[in-house]
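Engineer: Handing you a structure now.
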Amino acid sequence: MGQMEPDKLVYLDNAATTRTSPAALAAMRRIYEGPAFANPMSQHAAGDAALRALEDARARIATCLHAQPREVELTSGGSESNNQALLTGAAYGARTGRRHIVASAIEHPSVLRMLERLASPDGPFGGNFDVTLVRPDADGVVSVSAVKAALRDDTCLVSVMYANNEVGAVQPVRDICRAVRKRGALFHTDAVQAAGHLPIDFTRDGFDLLSVSAHKFHGPRGTGALVCSHRIVPAALVLGGAQERGHRAGTTDVASAAGMAAALEEACGSLEQDTRSLRNLRERLSAGLGRIGGARVLGPAEDGRRLPGVVGITLAGVDHESALVLLDGLGVCVSAGSACAAGSLEESHVLAEMGVDEDEARTFLRLSLDARENDEGDVDRAVEALASTAARLRASAPSGVGSDR
Ligand SMILES: *Cc1c(COP(=O)(O)O)cnc(C)c1O
């Protein structure tokens with residue numbers, strides 16, 4: 001079907017962001033166009049309607065993640081949630097004299113950059129936090145034993161992502177959380193790639209802090225949540241009014257909250273079905289890559305240990321930046337890394353930590369599929385485009401394989 005519609009873009013960059021779903025848009029429209037457009041703090045009927053809509057959205061988000069409504073703090077997205085989670089852990093550390101933080105070395109920059117701030121002498125809560133970064137194995141998985149080995153009596157916080165955004169490796173966060181909490185530290189997981197794609201149970205798994213972002217599951221951009229256990233008090237990031245129980249000031253974006261709730265319910269409702277269709281698309285993609293040759297799929301091989309839609313590959317002899325341009329010309333949208341790394345010439349820290357050498361890392365492409373966005377025709381068109389791109393770039397490379405840059 002792809003070939004019949006040459007104008008249709010094949011969008012395989014769903015890990016960077018997803019198309020906002022019609023249900024999310026409709027939910028947002030209802031807020032903007034009805035009485036609930038008002039300020040939920042206002043003391044009148046319109047304000048009451050807004051407050052009811054806000055608390056309804058919060059409760060539905062909580063239900064999807066198996067948390068209590070009061071544990072769901074609305075934020076501007078994954079980066080802010082991660083920042084706030086780390087500050088919450090650091091505040092706990094400063095209060096209890098624990099000044100050591102453990103994180104995986106493959107976290108999102110919104111975790112790694114905040115860790116640098118906390119480690120610096122002029123960082124928040126007195127700075128000078130001691131930070132240990134735990135390396136993953138060659139599949140991009142951080143082991144429970146490696147995290148356990150890094151724990152100390154003065155560890156206040158451990159942050160390990162639920163699933164990696166570049167290679168799709170799902171991390172053993174349930175077992176890590178259990179080990180961390182036994183030692184009296186808080187556990188945070190960046191679940192931005194997992195929410196709406198893998199089942200999440202905040203209460204059963206005993207997480208202290210969990211970050212989600214609406215635009216990774218067909219909700220609006222610029223909105224997310226930090227799920228913060230009722231056992232702890234989140235650090236305030238924005239000071240001002242009493243919104244979000246004083247932890248995040250500013251007039252609450254009720255429409256975005258409603259859009260996020262609608263999108264998350266939809267995603268969680270079709271999770272099993274979506275996972276099945278993504279497995280089919282991924283198998284079709286793998287078969288196509290096999291025909292192209294020289295492709296290596298990174299991350300764990302087993303279905304249960306990877307995100308259903310994220311496929312990180314290296315293509316021997318195919319420089320990824322040139323490939324991106326050629327693929328774009330053929331109407332195929334993929335990524336040469338995470339969206340933050342793309343556009344810069346910096347190599348991915350995730351691949352480096354996995355032990356992928358620099359030459360191979362320069363051939364990395366991330367294809368992220370989505371059950372609602374993509375069909376078999378998309379995969380066929382992407383494979384066709386990858387085949388012609390690989391043929392062109394390999395023919396022009398001096399040695400036929402490998403880049404000489
Ligand atoms: C996209 C992403 C983020 C950032 O979320 P924003 O809402 O864009 O700030 C954080 N962590 C992971 C793993 C992501 O994929």
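Engineer: So for segment 78-151, averaging the separation of alpha carbon pairs under 8 Å that are six or more residues apart and normalising by length, what relative contact order in percent results?
Structural biologist: About 30 percent, as a whole number.
Engineer: Return the distance in nm (one decimal) between the two label points of a simple spin-label model at Thr17 and Arg174, each offset 7 Å from Cα along Cα→Cβ.
Structural biologist: Inter-label distance under the simple model: 3.4 nm.
Engineer: Calculate what fraction, in whole %, of the accessible area of the chain sits on carbon and sulfur atoms when a 1.4 Å probe is rolled over the protein chains.
Structural biologist: C and S fraction of accessible area: 53 percent.
Engineer: What Kirkwood Rh does segment 153-263 have if only Cα atoms enter the pairwise 1/r average? Answer in Å.
Structural biologist: 15.1 Å
Engineer: Please label the shape of segment 75-177 as rounded, prolate or oblate, based on the square roots a ≥ b ≥ c of the eigenvalues of the alpha-carbon gyration tensor (a/c under 1.5 means rounded; beyond that, a/b larger than b/c means prolate, else oblate).
Structural biologist: oblate
Engineer: Set the Förster distance to 35 Å, then compute FRET efficiency between Arg70 and Asp303 from the Cβ-Cβ distance, nearest 0.05.
Structural biologist: Numbers: r = 35 Å, r/R0 = 1.01.
Result of the calculation: an efficiency of 0.50.
Engineer: What's the percent breakdown of Cα-Cα distances in the chain across 20 Å bins, shortest bin first?
Structural biologist: 27, 54, 18, 0
Engineer: How big is segment 31-125 in terms of Cα radius of gyration and Dmax, in angstroms?
Structural biologist: When restricted to Cα atoms, segment 31-125 yields Rg and Dmax of 18.0, 50 Å.
Engineer: Before anything else, pin down the relative contact order of the chain: Cα pairs under 8 Å, at least 6 apart, normalised by residue count, whole percent.
Structural biologist: 22 percent
Engineer: Taking the Cβ of Arg183 as the centre, find all other residues whose Cβ is under 12 Å away and add up their charges (Lys, Arg: +1; Asp, Glu: -1). Intermediate values should be presented prior to the final figure.
Structural biologist: On the way: positive: Arg98, Lys148, Arg152, Arg178, Arg181, Lys182; negative: Asp153, Asp154.
With Lys, Arg at +1 and Asp, Glu at -1, the neighbours total +4.
Engineer: Summing +1 for each Lys or Arg and -1 for each Asp or Glu, what net charge is found among the other residues whose Cβ lies under 10 Å from the Cβ of Val144?
Structural biologist: Every neighbour counted, the sum reads +2.
Engineer: At 7 Å along Cα-to-Cβ for each site, give me the label-to-label distance between Arg183 and Arg95 in nm.
Structural biologist: Distance between the two pseudo-spin positions: 2.1 nm.
Engineer: Does segment 11-54 come out rounded, prolate or oblate, given a ≥ b ≥ c as the square roots of the eigenvalues of its C-alpha gyration tensor, rounded meaning a/c under 1.5 and, failing that, prolate meaning a/b above b/c?
Structural biologist: prolate
Engineer: What residues qualify as long-range amide H neighbours of Gly224, i.e. H under 5 Å apart, gap of 5 or more or another chain, H built at 1.01 Å from N?
Structural biologist: Thr75, Ser76, Gly77, Ala214
Engineer: Given the -39500 (n - 2.57) contribution per DSSP H run of 4+ residues, what per-residue ellipticity at 222 nm results for the chain, rounded to the nearest 500 deg cm²/dmol?
Structural biologist: -12500 deg cm²/dmol, from helical runs alone.
Engineer: Relative to the longest principal axis of the C-alpha atoms of the chain, give the angle of the C-alpha long axis of helix 376-396, reported between 0 and 90° and rounded to the nearest 10°.
Structural biologist: So the inclination is approximately 60 degrees.
Engineer: How much area per residue is accessible in the chain when the probe is 1.4 Å and only protein heavy atoms are counted (Å²)?
Structural biologist: Accessible area per residue, the chain: 41 Å².
Engineer: Also, quick follow-up: Roughly how many Å is it from the Cα centre of segment 215-259 to that of segment 284-337, as a whole number?
Structural biologist: Value for the Cα centre distance between the two parts: 35 Å.
Engineer: Using a cut-off of 9 Å between beta-carbons, work out the net charge of the residues near Arg366 (Lys and Arg +1, Asp and Glu -1, Arg366 not included).
Structural biologist: -2
Engineer: State the answer as a single residue: which of Asn165, Pro136, Leu151 lies farthest towards the positive end of the charge dipole of segment 129-252, with beta carbon charges of +1 for Lys and Arg and -1 for Asp and Glu, about the Cα centre.
Structural biologist: Among Asn165, Pro136, Leu151, the one farthest towards the positive end of the dipole of segment 129-252 is Leu151.
Engineer: To continue, here is another question. Taking the Cα centroid of segment 35-69 and of segment 108-137, what is the distance between the two, rounded to the nearest whole Å?
Structural biologist: With segment 35-69 and segment 108-137 each reduced to a Cα centre, they are spaced 35 Å.
Engineer: HN-Hα J couplings of segment 308-324 from phi, Karplus 6.51/-1.76/1.60, θ = phi - 60°, integer Hz, Gly and Pro as x?
Structural biologist: x, x, 8, 10, x, 10, 10, 10, 3, x, 10, 4, 6, 6, 5, 4, 4
The values are calculated or read from the model by the stated rules, or taken from the named source; none is laboratory data. Everything numeric here is computed off the predicted structure, so don't read it as measured data. Please note: Cβ atoms are built from the backbone with ideal geometry, for glycine as well, and neighbour counts cover all protein chains shown. All accessible areas refer to the heavy atoms of the entire protein, side chains included, with ligands and DNA or RNA removed. Shrake-Rupley method; radii C 1.70, N 1.55, O 1.52, S 1.80 Å.
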